[in-house]
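Below is one structure, written out as structure tokens, with a few remarks after it.
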Amino acid sequence: MKSSRHIVHMDIDTFFVSCQRLLDPSLNGKPVIIGGARDRGVVASCSYETRDYGVHSAMPMRVALRLCPDAVVVRGDMEFYSSKSAEVTEIIAEQAPLYEKASIDEFYLDISGMDRYFGCYKWTSELKQQIIKQSGLPISFGLSSTKTVSKMATSESKPLGQLQIPFDAVQDFLNPLPVSKIPMVGAATHKLLSRIGIRTIRTLADIPEEVLVRLLGKNGASLHRKANGIDPTPVLQHSERKSISTERTFDRDSMDIFRIKALLVQMIENLCYQLRSERKVTSNIAVKIRYTNFDTHTQQAKLAYTSCDHILIQRALELFDKVYDRRMRLRLVGVRFSGLLRGDYQINLFDDVRLIRLYQAMDHVRDRFGNHVIKRASSLNAERQIMQQENTAQKQP
């Protein structure tokens, strides 16, 4: 039975590096690493020239430089990278009937039905050239009947490539590939499968589904379907208006700015943990206050995609100082993150590797024991102190 879906996966090649080369053309053709400090930083992105030496993303910088000592290390500019991502998103949004922004540099498009009028491959090729011309960034794409196969086709076509896998050729495309090429297969799963002799997708596809379920749990069923070219996952319409927020109305209006700021810090810690748990980042933060006379004011700011507490706390406190411009009691404070994006950029890899490990350790503890077991010292007693104030106020005649 012929599939009626035509799914495109588009991925900007070595996105951070390609953006940096727009800023500094002298980097063209050179081995480039985007990342943090040489002694404690992490590789956020690397050029194809460095990959021949074994360098890859998320590798400690000191290890990468041992492998490729001639690499040019650049700290990176996330603000610029975010603006270029938005530029490419806008081009796609103007052309595609349905698109999903999977990460800062990765997109899915559902162009089903366009083959009747334009030809899906021709249309996508023209869109690719438009993106390259207007943004200056290299981009590759895969076109097939599912998100999984399209993504794998993109991977096989890079760099600056394009590959269409017709429905009746999907299994022939998948069979010779190693199982590690399937997007959901991580290092631990790959090691387990290799240990029992499952190294190619052909072998994986032939294993009975119930065997994989016993071996890998519920992920085994999903993996079996994908190995057989089955993935009904829809392309979800991208929306920049998605947001998460929280706010607190005080039982007694307050001018205790120190404790209000501490409560704001606590709110952001909780929201950032929620972001990382959902594998999301934010590009917009807003702080809201309401005065005792019910006047409500908001200050917001755009920022590079992040889910890091320390970055968002600093920006929120700056916004609070701007929006709170009267000597008047407050009855409400709140914070909102918008411009949310799902992807693998939960943590800014330009930061100190020790800071990254600290976030990971804190989130692990929260996952196990609850969201409220770890807090910054500045916010530790904020909720308790404000509640004590309110309880005292209620007891007063």
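The values are calculated or read from the model by the stated rules, or taken from the named source; none is laboratory data. All values derive from a computational prediction rather than experimental measurement. With ideal geometry, Cβ positions are generated from the backbone for all residues, glycine too; neighbour counts draw on all protein chains shown.
From (1) free of Cβ contacts under 8 Å to residues at least 40 places away in the same chain; (2) in contact with a Ser or Thr (Cβ under 7 Å, 6 or more places away or on another chain); (3) under 29 Å from N28 (Cβ atoms), pick out the condition that doesn't hold for K158.
Exception for K158: condition (1).
Here are some residues: R51, R75. Which one is closer than 14 Å to V32 by Cα, surrounded by fewer than 21 Cβ atoms within 10 Å (Cβ to Cβ) and free of Cβ contacts under 8 Å to residues at least 24 places away in the same chain?
R51 is the lone residue from the list that is closer than 14 Å to V32 by Cα, surrounded by fewer than 21 Cβ atoms within 10 Å (Cβ to Cβ) and free of Cβ contacts under 8 Å to residues at least 24 places away in the same chain.
Might you check whether a residue that is under 27 Å from the mean Cα position of the chain (by Cα), within 23 Å of C46 (Cα to Cα), surrounded by 14 or more Cβ atoms within 10 Å (Cβ to Cβ) and outside the structural domain of H224 (by TED's automatic domain parsing) occurs anywhere in region 163-175?
Within region 163-175 (the criterion being under 27 Å from the mean Cα position of the chain (by Cα), within 23 Å of C46 (Cα to Cα), surrounded by 14 or more Cβ atoms within 10 Å (Cβ to Cβ) and outside the structural domain of H224 (by TED's automatic domain parsing)), the answer is no, since none of the residues qualifies.
Would you point out the residue of region 152-193, among those that are β-branched (V, I, T) and in a helix (DSSP H, G or I), that is farthest from L215 (Cα to Cα)?
Among residues in region 152-193 that are β-branched (V, I, T) and in a helix (DSSP H, G or I), the one farthest from L215 (Cα to Cα) is T154.
Cβ contacts < 7 Å: first residue not assigned by TED's automatic domain parsing to the domain that holds V73 and surrounded by fewer than 24 Cβ atoms within 10 Å (Cβ to Cβ), restricted to region 21-42; second residue in a loop (DSSP other than H, G, I, E, B) and of a type in the set (G, A, S), any location; separation 6+ or different chain. Result?
If the second residue must be in a loop (DSSP other than H, G, I, E, B) and of a type in the set (G, A, S), no pairs are left.
In region 66-119, which strands (runs of 3 or more DSSP E) lie fully inside it and hold 3 or more residues that are under 24 Å from the mean Cα position of the chain (by Cα)?
99-103, 106-110
Would you check if there is a residue in region 133-150 being in a helix (DSSP H, G or I), surrounded by fewer than 17 Cβ atoms within 10 Å (Cβ to Cβ), of a type outside the set (D, E) and on the phi < 0 side of the Ramachandran plot? Talk me through it step by step, then tell me what you get.
Here is the first cut: in region 133-150, the residues in a helix (DSSP H, G or I) are 133-135, 147-150.
Narrowing further to those that are surrounded by fewer than 17 Cβ atoms within 10 Å (Cβ to Cβ): 133-134.
Next, from what is left, pick out any that are of a type outside the set (D, E): 133-134.
Keeping just the survivors that are on the phi < 0 side of the Ramachandran plot gives 133-134.
Looking for residues that are in a helix (DSSP H, G or I), surrounded by fewer than 17 Cβ atoms within 10 Å (Cβ to Cβ), of a type outside the set (D, E) and on the phi < 0 side of the Ramachandran plot, one finds at least one in region 133-150, hence yes.
Of all residues in region 279-296 being under 14 Å from S338 (Cβ atoms) and at pLDDT below 90, which is farthest from the chain's Cα centre (by Cα)?
This residue is S283.
Out of curiosity, is K128 surrounded by fewer than 20 Cβ atoms within 10 Å (Cβ to Cβ), of a type outside the set (D, E), touching a residue at least 40 places away in the same chain (Cβ under 8 Å) and out of contact with any Leu (no Cβ under 6 Å at 6 or more places or on another chain)?
Yes, satisfied.
Of the conditions (1) under 26 Å from the mean Cα position of the chain (by Cα); (2) assigned to a helix (DSSP H, G or I); (3) not aromatic (F, W, Y), Q299 clears all except one; give me its number.
The single condition Q299 does not satisfy is (2).
Filter region 217-269 down to residues that are under 30 Å from A153 (Cα atoms) and either part of a loop (DSSP other than H, G, I, E, B) or in contact with a strand residue (DSSP E or B) (Cβ under 9 Å, 6 or more places away or on another chain) (or both), then give me how many there are.
Just the residues of region 217-269 that are under 30 Å from A153 (Cα atoms), to begin with: 217-240, 242.
In the following step, the residues that additionally are either part of a loop (DSSP other than H, G, I, E, B) or in contact with a strand residue (DSSP E or B) (Cβ under 9 Å, 6 or more places away or on another chain) (or both) were identified as 217, 228-240, 242.
Matching residues across region 217-269 total 15.
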